[in-house]
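The values are calculated or read from the model by the stated rules, or taken from the named source; none is laboratory data. Computed from a prediction, not measured in an experiment: that's the story for all the values here. A quick note on method: Cβ atoms are made from the backbone with ideal geometry, for glycine too, and the neighbour counts reach across all protein chains shown. The protein model used for the area step is the full one, side chains on, heavy atoms only, and it has no ligands, DNA or RNA in it. Shrake-Rupley method; radii C 1.70, N 1.55, O 1.52, S 1.80 Å.
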Amino acid sequence: MSLYYFTECLDAQGILIFLLLFLLITDIVKNKKPKNFPPGPWGLPFVGNIFNIDSKQPHISMGKLAEIYGNVYSLRLGRNKAVFVTGYQMVKEALINQAETFAARPPSPTMERLYSNYGLIFSNGYLWKKQRRFALSTLRNFGLGRKTLESVISEESRFLQQAIEDEQGKPFNPHFLLNNAVSNIICSMVFGRRFDYSDNHFQRLLHLLSETIHLEGTIWSQLYEAFPVILKYLPGPHNRVFKNYEELEAFVGEEVERHKQDWDPSAPRDYIDSYLAEIQKNKEDTEAGFHEKNLVLCTLDLFIAGTETTSTSLRWALLYMIKHPEIQKKVQAEIESVLGQGRQPSMTDKPNMSYTDAVIHEIQRISNIVPLNAPRMTTKDTTLGGHFLPKGTPVMTNLTSVLFDKTEWQTPDSFNPGHFLDSDGKFVRREAFLPFSAGKRVCLGEQLARMELFLFFTSFLQNFTFKAPEGEDPSVEFQSGGILTPRPFKICAIPR
């Protein structure tokens, strides 16, 4: 009996060893690099190079890897190989000079589960082109780049100014106040209305949105991307991403239903009304993706993109004004010379406010809120930096390496508005200023964000002087997540 049991154990061990060897060989064969593929560090079986990356500041560790392997190198993250592109010249070569080749999004287990290959940001091909073109033309119809939208932002600035005045110069955290104000601009274009700062339901949604953006950049989300089949059934913070999206999606769905109740196809009020009409027009073109499910997902993309990034940039702006009161005073002096105290800022003032414009650009550069850009994928075989990238290769462009490129910026690690000023103090554009990315997938809301940043920021400093609370010295260290955000801080807004 014991001999039989011993023999059975040997057979079980043999099968286990065979399976392990089979999986190991399969893993090696599957991940064999094509000839002249970008170099990179050796990775462990199954998990690849996950342990080569600092999960708290991945953009920094990836910059260090470029110092070893060059500006185009590869990493294996779980089951997939990806190519990382570093430095302005090489990022420009990929995103601008080969824009069409680097225009696709790679498969993502997270986004496939959330979007089913729909939406504006992570869709591909014909569907993506049709949806993006429609979104751009519709947002222009509702004010993007026009005086009508400027008046909406100016009105929201007055609401925000009153809310800040209500703090009576006492310390407060500006996070969700800014989120609400910025979100109201995209909400006016998408939902046809704004939400009051005391709207508890909307405040909850903004909290969910901030939490989700943070979680998408954590190690748990990275692990889900690498091992979705396993992580799907395990507890952990990554599950809150999917739970939060369900609530956010439900909110958008309710807005769509509200629109349908009194929808007049001949008089569209906003993006949702226009999309409902487009569904009717495209009934025969099913590949264009115009249906109610995609309406909800595209609207959600606009809501998310139009809320978190710009409001985060404004939080960084307030923080850097606190840290650099001498720069804050120079901005205020320019505002007084151009606007005075009574007139609200206008986009027509921007050409006459070079220093203010330079400060806003430098805040965007040094805050670096989207350090690794959204992922791209090659649409055909190509070469980059002398290396071969086959069709379907996931690519990450390190925007940190562009915004802090020592060959492009005089003092890349210091807050220096002079980066955007010539010897006469006039504003100068810099090619290496790419916070909105570049190429075919450049941020759809870039024009809106630029307008919001100028009008909100100028209004802030026209009406208030910002200081840190007594005895406090807020840090400019970032919190890593889906975007880089400031650590929580409080400010005192002193009316001028």
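What the Cβ-Cβ distance of ASN141 and GLU287 gives, at R0 = 35 Å and to the nearest 0.05, is a FRET efficiency of 0.90. Across the options THR212, GLY471, SER198, the greatest Cα extent toward the positive end of the charge dipole of the chain (unit charges at beta carbon of Lys, Arg, Asp, Glu) belongs to THR212.
Taking Cα atoms only, the orientation of helix 238-261 departs from the longest principal axis of the chain by about 50 degrees.
Taking the Cα atoms only, what angle lies between the long axis of helix 292-305 and the longest principal axis of the chain, rounded to 10 degrees? Helix 292-305 sits at roughly 60 degrees to that axis.
A simple rule links phi to the HN-Hα coupling: the Karplus curve 6.51 cos²θ - 1.76 cosθ + 1.60 with θ = phi - 60°, which for the range 451-466 gives 5, 4, 4, 5, 6, 5, 4, 5, 5, 3, 7, 5, 9, 9, 10, 9 Hz, with x for Gly and Pro. Using only the alpha-carbon atoms, how far is helix 2-30 inclined from the longest principal axis of the chain? Give it as 0 to 90 degrees, nearest 10. The angle comes out at about 50 degrees.
Straight-line cross-link reach from LYS147 at under 16 Å between alpha-carbon atoms covers these lysines, not counting any fewer than eight positions away in the same chain: LYS350.
The slack in the chain from ARG258 to PHE388, taken as 0.36 nm per residue of separation less the alpha-carbon distance, amounts to 41.7 nm. Here the accessible area of the chain is 56 percent carbon and sulfur, with a 1.4 angstrom probe and all protein chains present.
Residues of the range 290-328 with backbone nitrogen within less than 19 Å of a virtual label 7 Å along the Cα-to-Cβ line of ASN80, please, listed as ranges. No residue qualifies, since no backbone N sits under 19 Å from the label point. Applying a threshold of 23 Å to the alpha-carbon distances of LYS33/LYS391; LYS170/LYS329; LYS293/LYS440 flags LYS293/LYS440 as lying beyond it.
Sparsely packed loop sites in the range 62-157 (the GluC sites (Glu not before Pro) outside DSSP H, G, I, E and B with at most 12 other Cβ atoms within 10 Å) comprise GLU100.
For the chain, relative contact order (Cα pairs under 8 Å, six or more residues apart, normalised by length) works out to 23 percent. Note that the chain presents 46 Å² accessible area per residue, ligands and nucleic acids not counted, probe 1.4 Å.
For VAL85, the amide hydrogen comes within under 5 Å of the amide hydrogens of MET396, THR397, ASN398, counting only partners 5 or more places away or on other chains and with H modelled in the peptide plane.
Roughly how many debye, to the nearest 20, is the charge dipole of the range 266-367 about its Cα centre, given +1 on each Lys and Arg Cβ, -1 on each Asp and Glu Cβ, and no other charges?
Dipole size: approximately 460 debye.
The aspartates and glutamates within cross-link reach of LYS64, meaning a Cα-to-Cα straight distance under 20 Å and a gap of 8 or more places when in the same chain, are ASP54, ASP405, GLU408, ASP413, GLU477. In this structure the amide hydrogen of LEU444, modeled in the peptide plane, comes within under 5 Å of no amide hydrogen from residues 5 or more places off or on another chain.
Net charge in the neighbourhood of HIS175 (other residues with Cβ under 15 Å of its Cβ; Lys, Arg +1, Asp, Glu -1) is +1.
Distance between the 7 Å Cα→Cβ label points at GLU472 and LYS232: 4.4 nm.
Only the Cβ atoms of Lys and Arg (+1) and of Asp and Glu (-1) were treated as charged; on that basis the dipole of the chain about its Cα centre amounts to roughly 1160 debye.
In plain terms, the chain from ASN173 to TYR69 could stretch by 33.2 nm, reckoned as 0.36 nm per residue minus the Cα-Cα distance.
Listed by chain and number, the lysines whose C-alpha is less than 16 Å from the C-alpha of LYS232, apart from same-chain residues fewer than 8 away, are LYS243. The phi torsions of the range 488-496, fed into the Karplus equation with coefficients 6.51, -1.76 and 1.60 and a -60° offset, translate into couplings of x, 8, 10, 10, 10, 9, 9, x, 9 Hz, rounded to whole numbers, with Gly and Pro shown as x. For a modelled paramagnetic label at LYS243, 7 Å from Cα along Cα-to-Cβ, the residues of the range 193-229 in reach, with backbone nitrogen under 14 Å, are 208-209, 211-212, 215. Between the labelled values (1) 179; (2) 278; (3) 192, the entry that holds volume of the Cα convex hull per residue in Å³ as derived from this structure is (3).
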